[in-house]
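Data first, discussion second: the structure below is written as structure tokens.
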Amino acid sequence: MTLGTLPTPCRPTALGPLLPVVGAATRVPLATGGRARYVNLDNAASAPALEAVADRVARLLPHYASVHRGAGYLSRVSTALFEAARERVGAFVGARPDDVVVFTRSTTDALDLLSRAVPDGGRVLVADVEHHANLLPWQRSARTTVVRGGPDARATADALAAELAGGGYALLAVTGASNVTGEVLPLHRLARAAHAAGARVAVDGAQLLPHRRVEIAAAGIDWIALSGHKLYAPFGAGALVGRRDWLDAAEPYLAGGGATLDVRADAVRWAVGADRHEAGSPNVVGAVALAEACATLSALPDGALEAHEAALREQLVEGLGALEGVVVVRPHPADAVGVVTFTLPGHDASAVAAYLSAEHGVGVRDGRFCAHRFADSLGIPTGGLRASTGVGTSSRDVERLLGALEQFLASGPRLEYGVVDGAWGPLDDPRPAPADFLELVLDDAPLDAPLDAPDDVLHAPAR
Ligand code: PLP
């Protein structure tokens, strides 16, 4: 790959990953032949595991046993680890001492649970900038109002605050950061506005928490939802953290073992607290992984996460902006995380994403990002491309994307693309079928490129 003609702001800087992640050196096959170190610029969808998380999981597995169910020593070990993980996740978001931490599968799961706990008749307010996970559980109720977002996060907050001031809402459900533009919402201000109007606040923390520290007690946030797989702990756990009164009064999210105190033919006494909503055998591996990710992120020096991400975001926005033929959506918000959406007018976003993958080994997201209403109001009703950074991202990763786009705009793709089996891809794709990939690469050490390799792309014959 040559970077020769890139403008100055796009030239490589010394910025490396902030924390080691698993798979940072993994190579993927290219449809043009050879392999390339995989550049994961899709952290907003799912982030790779932190090495610390993978180590913790590896140490747990030999000691893993049933949770809350067994008298065996290892059952008690697993139960203790599971409950310690709960404490850790609560501490990570600055929970109040009497808050409850319910382990869920994900943010979607957590928000769905909360949506079933709104007291009867309670009205809910959301904006149309939300990811579907924080829109559809509310939108399905006739007691929900969806306000239109403004031209920036501040204007969206203004619209929400104005609507709240009219009174009558039980809950404001708002994202901490947009998964489309990366814009950060002013949560302290919104919490004050909600409480002044007698409403509570639930925050979708899926995109904010991987990038920013949040203290829900200090910020006046009543609940926050999060996903482990976006927090470098992809082992199937998420959480809902916050006030217990609505949750204790709600129907159990799942009916089953562990959620009950006593079961008779004619009556069931349900547990309260987290147990009420965690029926079934809990995901102890996911919870311990999530807690380890929380501990690792919390141990970063103050400001390190923000500084790393701000530098990469700036590199991305400036580099994309310098490419003629690329339009960045809301490039300079007042406050934003490392999530940048852009389009190449005249080119199908999915075709460009397929090119980046097939010819450069770069992974981005394309489409409408599960935020169709927001995509419409941003003027990208058919979708765009999204590059998102994480603690494992380096400036070389951003360079790889910029170089690939520059090449695309200058000379087009080398291969021909079309819709194959329902998805864009090269019409003639010599890469192994994705389903066969693991069998092919397991134990194939040469697929791991040294991170300081002078060239990320190896032009060896394709496998
Ligand atoms: N909220 C936001 C802002 C998101 O970006 C996402 C996922 O992309 C979700 C919620 C849903 O997260 P999950 O798929 O982990 O439930």
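The values are calculated or read from the model by the stated rules, or taken from the named source; none is laboratory data. Just so it is clear, the structure is predicted and the values come from calculations on it, not from any experiment. Every residue, glycine among them, receives a Cβ derived from its backbone with ideal geometry; neighbour counts consider all protein chains shown. All accessible areas refer to the heavy atoms of the entire protein, side chains included, with ligands and DNA or RNA removed. Shrake-Rupley method; radii C 1.70, N 1.55, O 1.52, S 1.80 Å.
For segment 176-207, name all the residues that are in a strand (DSSP E or B) and either free of Cβ contacts under 8 Å to residues at least 12 places away in the same chain or open to solvent by 20 Å² or more (accessible area, probe 1.4 Å) (or both). Show your work before the answer.
Filtering segment 176-207 down to residues in a strand (DSSP E or B) leaves 177, 183-184, 200-204.
Answer for segment 176-207, where residues must be in a strand (DSSP E or B) and either free of Cβ contacts under 8 Å to residues at least 12 places away in the same chain or open to solvent by 20 Å² or more (accessible area, probe 1.4 Å) (or both): Val184, Arg200.
Quick check on segment 237-244. Is at least one of its residues assigned to a loop (DSSP other than H, G, I, E, B) and more than 21 Å from the chain's Cα centre (by Cα)?
Our first condition is that a residue be assigned to a loop (DSSP other than H, G, I, E, B); within segment 237-244, this holds for 237, 243-244.
Right, trim to more than 21 Å from the chain's Cα centre (by Cα) and you get 243-244.
Within segment 237-244, one or more residues are assigned to a loop (DSSP other than H, G, I, E, B) and more than 21 Å from the chain's Cα centre (by Cα).
Taking the condition touching a strand residue (DSSP E or B) at 6+ places or on another chain (Cβ under 9 Å), more than 16 Å from the ligand (Cβ to nearest atom), among the charged types (D, E, K, R) and more than 19 Å from Ala84 (Cα to Cα), does Asp302 pass? I'd like the intermediate steps shown before the answer.
Details: touching a strand residue (DSSP E or B) at 6+ places or on another chain (Cβ under 9 Å): no; more than 16 Å from the ligand (Cβ to nearest atom): yes; among the charged types (D, E, K, R): yes; more than 19 Å from Ala84 (Cα to Cα): yes.
So Asp302 does not fit the description; no.
Take Gly258 and decide whether it is outside the structural domain of Tyr38 (by TED's automatic domain parsing), open to solvent by less than 50 Å² (accessible area, probe 1.4 Å) and part of a loop (DSSP other than H, G, I, E, B). Steps first, answer last, please.
Values: outside the structural domain of Tyr38 (by TED's automatic domain parsing): yes; open to solvent by less than 50 Å² (accessible area, probe 1.4 Å): yes; part of a loop (DSSP other than H, G, I, E, B): yes.
Here the answer is yes, as Gly258 does meet what is asked.
Which one is farthest from Ile221 (Cα to Cα) among residues in segment 105-125 that are within 12 Å of the ligand (Cβ to nearest atom) and aliphatic (A, V, I, L, M)? Walk me through how you get there before you give the answer.
Step one: filter segment 105-125 for residues within 12 Å of the ligand (Cβ to nearest atom), giving 105-113.
Retained after the next criterion (residues that are aliphatic (A, V, I, L, M)): 110-111, 113.
Values: Ala110: 15, Leu111: 14, Leu113: 17 Å.
Within segment 105-125, the match that is farthest from Ile221 (Cα to Cα) is Leu113.
Does any residue in segment 394-415 that is in the same structural domain as Thr26 (by TED's automatic domain parsing) and closer than 14 Å to Glu359 by Cβ come within less than 7 Å, Cβ to Cβ, of a residue that is surrounded by fewer than 18 Cβ atoms within 10 Å (Cβ to Cβ) and of a type in the set (A, V, I, L, M) six or more places away or on a different chain, and which pairs are these?
Pairs that qualify, where the first residue is in the same structural domain as Thr26 (by TED's automatic domain parsing) and closer than 14 Å to Glu359 by Cβ and the partner is surrounded by fewer than 18 Cβ atoms within 10 Å (Cβ to Cβ) and of a type in the set (A, V, I, L, M), are Arg400/Met1; Gly403/Met1; Gly403/Leu3; Gly403/Leu6; Glu406/Leu6.
Can you tell me how many residues in segment 299-328 are assigned to a helix (DSSP H, G or I) and either aromatic (Phe, Trp, Tyr) or open to solvent by 50 Å² or more (accessible area, probe 1.4 Å) (or both)? Explain how you work it out, then say what you get.
Taking segment 299-328 first, the residues assigned to a helix (DSSP H, G or I) are 304-321.
From the residues that got through so far, the ones that are either aromatic (Phe, Trp, Tyr) or open to solvent by 50 Å² or more (accessible area, probe 1.4 Å) (or both) too are 306-307, 310, 314, 318, 321.
Summing the residues that are assigned to a helix (DSSP H, G or I) and either aromatic (Phe, Trp, Tyr) or open to solvent by 50 Å² or more (accessible area, probe 1.4 Å) (or both) in segment 299-328 gives 6.
So is Pro331 touching a strand residue (DSSP E or B) at 6+ places or on another chain (Cβ under 7 Å) and either at pLDDT below 95 or not in a helix (DSSP H, G or I) (or both) or not? Lay out the reasoning, then the answer.
On the way: touching a strand residue (DSSP E or B) at 6+ places or on another chain (Cβ under 7 Å): no; either at pLDDT below 95 or not in a helix (DSSP H, G or I) (or both): yes.
For Pro331, the condition - touching a strand residue (DSSP E or B) at 6+ places or on another chain (Cβ under 7 Å) and either at pLDDT below 95 or not in a helix (DSSP H, G or I) (or both) - is not met.
Gln139 passes all but one of (1) open to solvent by 50 Å² or more (accessible area, probe 1.4 Å); (2) more than 21 Å from His372 (Cα to Cα); (3) within 16 Å of the ligand (Cβ to nearest atom); which number fails?
With (1) open to solvent by 50 Å² or more (accessible area, probe 1.4 Å); (2) more than 21 Å from His372 (Cα to Cα); (3) within 16 Å of the ligand (Cβ to nearest atom) applied to Gln139, the lone miss is (2).
Could you check segment 358-370 and list, in sequence order, the residues that are out of contact with any Leu (no Cβ under 8 Å at 6 or more places or on another chain) and buried (at least 23 other Cβ atoms within 10 Å of the Cβ)?
We begin by selecting, within segment 358-370, every residue out of contact with any Leu (no Cβ under 8 Å at 6 or more places or on another chain); these are 367-370.
Listed by number, the list holds a single entry, Phe369.
Condition first: of a type in the set (Ser, Thr, Tyr) and more than 16 Å from the ligand (Cβ to nearest atom). Now tell me which residues in segment 333-376 satisfy that. Steps first, please.
Within segment 333-376, the first condition is being of a type in the set (Ser, Thr, Tyr), and the residues that meet it are 341, 343, 350, 355, 357.
If the condition is that a residue be of a type in the set (Ser, Thr, Tyr) and more than 16 Å from the ligand (Cβ to nearest atom), then Thr343, Ser350, Tyr355, Ser357 are the ones that fit.
Given the residues Phe82, Phe103, which is the only one that is at pLDDT 95 or above, within 29 Å of Asp248 (Cβ to Cβ) and in contact with an Asp or Glu (Cβ under 8 Å, 6 or more places away or on another chain)? Steps first, please.
On the way: Phe82 fails: in contact with an Asp or Glu (Cβ under 8 Å, 6 or more places away or on another chain).
Answer to the check: Phe103.
List pairs: first residue in segment 262-277 and under 15 Å from Ala249 (Cβ atoms), second residue part of a strand (DSSP E or B) and of a type in the set (Gly, Ala, Ser) anywhere in the structure, Cβ distance under 9 angstrom, at least six positions apart or on different chains.
Close Cβ pairs (under 9 Å, with a partner that is part of a strand (DSSP E or B) and of a type in the set (Gly, Ala, Ser)) do not exist here.
Being within 16 Å of the ligand (Cβ to nearest atom) and surrounded by fewer than 18 Cβ atoms within 10 Å (Cβ to Cβ) is the filter here; which residues of segment 46-97 pass it?
Ser46 - this is the single residue of segment 46-97 that is within 16 Å of the ligand (Cβ to nearest atom) and surrounded by fewer than 18 Cβ atoms within 10 Å (Cβ to Cβ).
Working only within segment 219-238, note down all residues that are over 23 Å from Ala24 (Cα atoms) and either more than 11 Å from the ligand (Cβ to nearest atom) or modelled with pLDDT under 95 (or both). Even if it seems obvious, please write down each step before you answer.
Step one: of segment 219-238, the residues over 23 Å from Ala24 (Cα atoms) are 219-226, 238.
The answer is Ala219, Gly220, Ile221, Asp222, Trp223, Ile224.
Of all helices (runs of 4 or more DSSP H) completely enclosed by segment 339-414, which ones contain at least 3 residues that are touching a strand residue (DSSP E or B) at 6+ places or on another chain (Cβ under 9 Å) and not aromatic (Phe, Trp, Tyr)? Working first, answer last.
On the way: elements: 349-360, 372-377, 395-411.
Here the list reads 349-360, 395-411.
For segment 208-255, what are the residues that are under 16 Å from Ala95 (Cβ atoms), open to solvent by 10 Å² or more (accessible area, probe 1.4 Å) and aromatic (Phe, Trp, Tyr)?
Scanning segment 208-255 gives a single hit, Trp246.
For segment 425-450, enumerate the residues that are part of a loop (DSSP other than H, G, I, E, B), open to solvent by 80 Å² or more (accessible area, probe 1.4 Å) and modelled with pLDDT under 80. So that I can check it myself, show each step before the final result.
Initial filter on segment 425-450 (part of a loop (DSSP other than H, G, I, E, B)): 427-433, 442-444, 449-450.
Still in the running and open to solvent by 80 Å² or more (accessible area, probe 1.4 Å): 427-428, 442-443.
Leu442, Asp443 - these are the residues of segment 425-450 that are part of a loop (DSSP other than H, G, I, E, B), open to solvent by 80 Å² or more (accessible area, probe 1.4 Å) and modelled with pLDDT under 80.
Looking at Val146, Val102, which is the one that is within 16 Å of the ligand (Cβ to nearest atom), of a type in the set (Val, Ile, Thr) and within 16 Å of Gly205 (Cα to Cα)? Talk me through it step by step, then tell me what you get.
On the way: Val146 fails: within 16 Å of Gly205 (Cα to Cα).
Unique residue meeting the criteria: Val102.
Considering only segment 204-218, I want to know if a residue exists there that is acidic (Asp, Glu) and away from the ligand (no atom under 11 Å from the Cβ). Walk me through how you get there before you give the answer.
Of all residues in segment 204-218, those acidic (Asp, Glu) come to 204, 215.
Next, only the ones that are away from the ligand (no atom under 11 Å from the Cβ) stay: 215.
Yes, that holds for at least one residue.
Please enumerate the residues belonging to segment 371-405 that are open to solvent by 10 Å² or more (accessible area, probe 1.4 Å), of a type in the set (Gly, Ala, Ser) and within 26 Å of Arg212 (Cα to Cα).
Selection gives Gly392, Ser394.
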